Amino acid sequence: MASLITCPHCGVRPKEEFAIRGDASCVRPEPLDSDEAWHDYVYVRANPRGRAVEHWHHIAGCRRFLVVERDTATHEVYSVADAAEFARRAER
Amino acid sequence: MRYSAFSIVRNALSGNLNWKPHWRQPQPKSHYDVIIIGGGGHGLSTAYYLAKEFGVKNVAVLEKGYLGSGNVGRNTTIVRSNYMLPGNEPFYEFSMKLWEGLEQDLNYNVMLSQRGVIMLYHSDAQRDAYVRRGNAMWMEGVAAELIEREQLKKMIPFLNYDHARYPILGGLLQRRAGTARHDAVAWGYARGADRHGVDIIEHCEVTGIRRENGRVTGVETTKGFIGCGKLALAAAGNSSRVGEMADLKLPLESHVLQAFVTEGLKPCIDHVIVYGGGHFYISQSDKGGLVFGAEIDGYASYAQRGNLATAEHVMEEGVAMIPGLSRVRVLRAWGGVMDMSMDGSPIIDRTSIDNLYLNCGWCYGGFKATPASGYCFAHLIAKNDTHPVAHALRLDRFARGYAVDEAGAGPQPNLH
């Protein structure tokens with residue numbers, strides 16, 4: 001149900017401790033990239049039904065940004081990683 | 001059959017055995033001039049106005065479930081036009097005017113009740129903001145009244161005026177606003193569209209959009225291929241999924257919003273009351289149940305059910321505003337999938353594909369817009385030109401830098 005999130009730093013914590021920032025799959029363009037690339041980054045969302053990654057900010061805990069991978073239809077949580085770790089793995 | 005006092009008497013005398021279904025259950029034809037995907041309030045009102053006002057009668061509405069199974073049957077039934085921004089207010093006022101004539105127009109009782117919507121303020125800053133909003137409404141010709149604390153106490157005595165954190169100092173009232181029976185709106189539009197020759201096809205899910213030479217030629221459905229001259233999307237929370245079939249990328253994120261209803265009570269809440277300390281709104285249905293809701297749960301979701309933490313938060317807001325609510329038992333809670341846009345305002349526009357039209361992004365305010373949304377969308381489809389009150393609601397506003405951001409929250413859908 002996405003009610004409990006296992007923070008990699010703090011352990012199992014209730015959803016109310018987090019602020020949800022939104023889609024973590026968007027990749028920030030280079031500063032001089034086209035207006036279209038920036039428009040897509042700021043405004044356009046894939047909005048998948050099913051597996052999705054989201055930035056959750058653990059404001060009432062470690063205050064780290066996390067990437068929560070979960071299902072938008074069943075609310076099942078697959079994994080939670082620190083955002084820096086996620087970015088390293090994705091080679092961003 | 002036209003409904004009237006006479007028809008009630010006549011049917012009563014014949015044992016109420018001769019009432020006809022509101023709409024037919026036709027098999028899809030092989031081709032329509034216009035196909036509308038989505039048989040919710042907006043899809044049905046679009047079909048109705050296309051046929052009635054714009055003379056386009058060879059129309060089909062495709063609905064994947066049963067009629068009224070989506071957000072039109074899941075909302076808190078509030079209709080109002082108390083918006084601030086010039087891109088929004090004329091549109092919602094157009095809708096309010098259509099609401100006021102809707103029952104005569106449809107020959108159907110949608111139980112419109114103009115009981116007044118009052119938005120409470122709890123600080124001097126919030127009062128200033130509501131004065132500004134009221135003035136913005138007056139500039140578009142819409143009446144708004146600022147109700148000060150003492151006057152409000154006479155009007156609505158049961159509020160928690162002396163709450164330590166959010167004392168109630170007054171409110172902004174739109175008297176013409178109120179509620180309408182949501183199911184009746186869906187049924188009334190469906191019946192009206194059907195009477196003008198529109199085919200409403202239930203349990204017909206669109207599985208693909210067929211294109212040739214950059215134009216839509218028809219849709220693949222669970223009932224086979226159906227050809228069309230123009231295709232209109234009114235799929236609300238599933239807009240991204242349907243848009244994907246035509247390679248559209250949309251500025252939307254789907255979120256779940258919960259609503260609640262209590263056991264039936266004697267008449268006690270006369271208005272729609274909106275809490276300003278959070279975002280909680282409540283009214284009393286004609287059956288007596290208190291109907292209320294608050295914000296979306298906060299994470300992207302396609303599930304028509306919500307989170308218990310949000311339910312608890314909603315109850316806390318309600319009790320902070322009306323302490324007496326703590327003794328009322330909640331009967332039901334449900335969730336709906338909201339097509340949250342990036343500025344909190346809707347989109348009615350053409351797309352990059354010539355004969356494909358788009359209606360989405362209603363966030364959690366789509367019900368009040370049902371008549372105007374349908375009218376403006378029908379205008380767009382029939383004339384290939386934007387209706388004057390929907391000029392600011394075009395898809396390219398984000399790229400042009402003309403977002404219509406009523407909340408001032410920026411491009412983050414879960415904050416609108």
Problem set entry | For A:ILE59: the one exception among (1) within 13 Å of chain B (Cβ to nearest Cβ); (2) assigned to a strand (DSSP E or B); (3) within 24 Å of B:GLU312 (Cβ to Cβ) | (2)
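Against the definition (surrounded by 24 or more Cβ atoms within 10 Å (Cβ to Cβ), in contact (Cβ under 8 Å) with a residue 40 or more places away in the chain and within 12 Å of another protein chain (Cβ to nearest Cβ)), how does B:LEU250 come out, yes or no? Break it down stepwise before answering.
Values: surrounded by 24 or more Cβ atoms within 10 Å (Cβ to Cβ): yes; in contact (Cβ under 8 Å) with a residue 40 or more places away in the chain: yes; within 12 Å of another protein chain (Cβ to nearest Cβ): yes.
So B:LEU250 passes the test.
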Exercise. Looking only at residues in segment A:67-84 that are assigned to a strand (DSSP E or B) and not acidic (Asp, Glu), which one is most open to solvent (accessible area, probe 1.4 Å)?
Worked result: A:TYR78
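Given the condition under 13 Å from the mean Cα position of the chain (by Cα) and either of a type outside the set (A, V, I, L, M) or under 30 Å from B:GLY276 (Cβ atoms) (or both), answer yes or no: does some residue in segment B:108-125 qualify?
Our first condition is that a residue be under 13 Å from the mean Cα position of the chain (by Cα); within segment B:108-125, this holds for none.
No, that holds for no residue.
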Exercise. Going by the structure shown, is B:ASP270 more than 30 Å from B:ILE322 (Cβ to Cβ), open to solvent by 10 Å² or more (accessible area, probe 1.4 Å) and not aromatic (Phe, Trp, Tyr)?
Worked result: no
Exercise. Does segment B:5-46 hold any residues that are free of Cβ contacts under 8 Å to residues at least 60 places away in the same chain, open to solvent by less than 60 Å² (accessible area, probe 1.4 Å) and part of a loop (DSSP other than H, G, I, E, B), and which are they?
Worked result: B:SER14, B:GLY15
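Within segment A:32-49, take every residue that is acidic (Asp, Glu) and in a helix (DSSP H, G or I) and give me the one that is nearest to the chain's Cα centre (by Cα). Working first, answer last.
At the first step, the residues of segment A:32-49 found to be acidic (Asp, Glu) are A:33, A:35-36, A:40.
Next, from what is left, pick out any that are in a helix (DSSP H, G or I): A:35-36, A:40.
Details: A:ASP35: 24, A:GLU36: 23, A:ASP40: 17 Å.
Going through the qualifying residues, I end up with A:ASP40.
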Exercise. Is it the case that segment B:263-282 has a residue that's touching a strand residue (DSSP E or B) at 6+ places or on another chain (Cβ under 7 Å), at pLDDT 95 or above, facing chain A (nearest Cβ under 10 Å) and closer than 30 Å to A:VAL68 by Cβ?
Worked result: no
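Sort out which residues of segment B:103-117 are closer than 20 Å to B:VAL291 by Cβ and either surrounded by 18 or more Cβ atoms within 10 Å (Cβ to Cβ) or of a type outside the set (Lys, Arg) (or both), and write them in order of number.
Taking segment B:103-117 and keeping what is closer than 20 Å to B:VAL291 by Cβ, we get B:109-117.
Answer for segment B:103-117, where residues must be closer than 20 Å to B:VAL291 by Cβ and either surrounded by 18 or more Cβ atoms within 10 Å (Cβ to Cβ) or of a type outside the set (Lys, Arg) (or both): B:ASN109, B:VAL110, B:MET111, B:LEU112, B:SER113, B:GLN114, B:GLY116, B:VAL117.
Per-residue answers, yes or no, for (1) at pLDDT 95 or above; (2) within 26 Å of A:TYR41 (Cα to Cα); (3) open to solvent by 40 Å² or more (accessible area, probe 1.4 Å); (4) more than 25 Å from the chain's Cα centre (by Cα):
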| position | (1), (2), (3), (4) |
| --- | --- |
| B:GLU202 | yes, no, no, no |
| B:GLU212 | yes, no, yes, yes |
| B:PHE225 | yes, no, yes, yes |
| B:GLY243 | yes, yes, no, no |
| B:LEU257 | yes, yes, no, no |
Problem set entry | Of residues in segment A:32-49 being in contact with a helix residue (DSSP H, G or I) (Cβ under 9 Å, 6 or more places away or on another chain) and closer than 23 Å to A:ARG88 by Cβ, the one farthest from the other protein chains (Cβ to nearest Cβ) | A:ASP33
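Look through segment B:283-301, keep the residues that are free of Cβ contacts under 8 Å to residues at least 40 places away in the same chain and either at negative phi or within 14 Å of chain A (Cβ to nearest Cβ) (or both), and return whichever of them is surrounded by the fewest Cβ atoms within 10 Å (Cβ to Cβ).
Step one: list which residues in segment B:283-301 are free of Cβ contacts under 8 Å to residues at least 40 places away in the same chain, which gives B:284, B:287-288, B:290, B:294-295.
Those left that are additionally either at negative phi or within 14 Å of chain A (Cβ to nearest Cβ) (or both): B:284, B:287, B:290, B:294-295.
On the way: B:GLN284: 23, B:LYS287: 9, B:LEU290: 22, B:ALA294: 25, B:GLU295: 19.
Going through the qualifying residues, I end up with B:LYS287.
Identify the residue in segment B:317-374 that is among the β-branched types (Val, Ile, Thr) and open to solvent by 20 Å² or more (accessible area, probe 1.4 Å) and, among all such residues, is farthest from B:PHE94 (Cα to Cα).
Of all residues in segment B:317-374, those among the β-branched types (Val, Ile, Thr) come to B:319, B:322, B:328, B:330, B:337, B:347-348, B:351, B:353, B:370.
Filter again for open to solvent by 20 Å² or more (accessible area, probe 1.4 Å), leaving B:319, B:328, B:330, B:351.
Details: B:VAL319: 35, B:VAL328: 37, B:VAL330: 35, B:THR351: 24 Å.
Per the stated criteria, the residue is B:VAL328.
Report yes if A:GLU91 is assigned to a helix (DSSP H, G or I), out of contact with any Lys or Arg (no Cβ under 7 Å at 6 or more places or on another chain) and open to solvent by 50 Å² or more (accessible area, probe 1.4 Å), otherwise no. First the steps, then the outcome.
Details: assigned to a helix (DSSP H, G or I): no; out of contact with any Lys or Arg (no Cβ under 7 Å at 6 or more places or on another chain): yes; open to solvent by 50 Å² or more (accessible area, probe 1.4 Å): yes.
No.
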Problem set entry | Selection count where residues are in a loop (DSSP other than H, G, I, E, B), without any contact (Cβ under 8 Å) to a residue 60 or more places away in the chain and within 8 Å of chain B (Cβ to nearest Cβ), scope segment A:1-31 | 1
Exercise. Is it true that B:GLN126 is more than 30 Å from B:LYS383 (Cβ to Cβ) and not β-branched (Val, Ile, Thr)?
Worked result: yes
Problem set entry | Residue pairs meeting the criteria (Cβ under 8 Å; at least 6 apart or on separate chains; first without any contact (Cβ under 8 Å) to a residue 40 or more places away in the chain, in segment A:44-63; second open to solvent by less than 30 Å² (accessible area, probe 1.4 Å) and among the basic types (Lys, Arg)) | A:ARG51/A:ARG70; A:ALA52/A:ARG70; A:GLU54/A:ARG70
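The values are calculated or read from the model by the stated rules, or taken from the named source; none is laboratory data. Nothing here was measured: the structure is a model prediction, and the numbers come from that model. In this analysis, Cβ positions are derived from the backbone assuming ideal geometry, glycine residues included, and neighbour counts consider all displayed protein chains. For the accessible areas, the whole protein counts, side chains as well, though only heavy atoms, and no ligand, DNA or RNA atoms are used. Shrake-Rupley method; radii C 1.70, N 1.55, O 1.52, S 1.80 Å.
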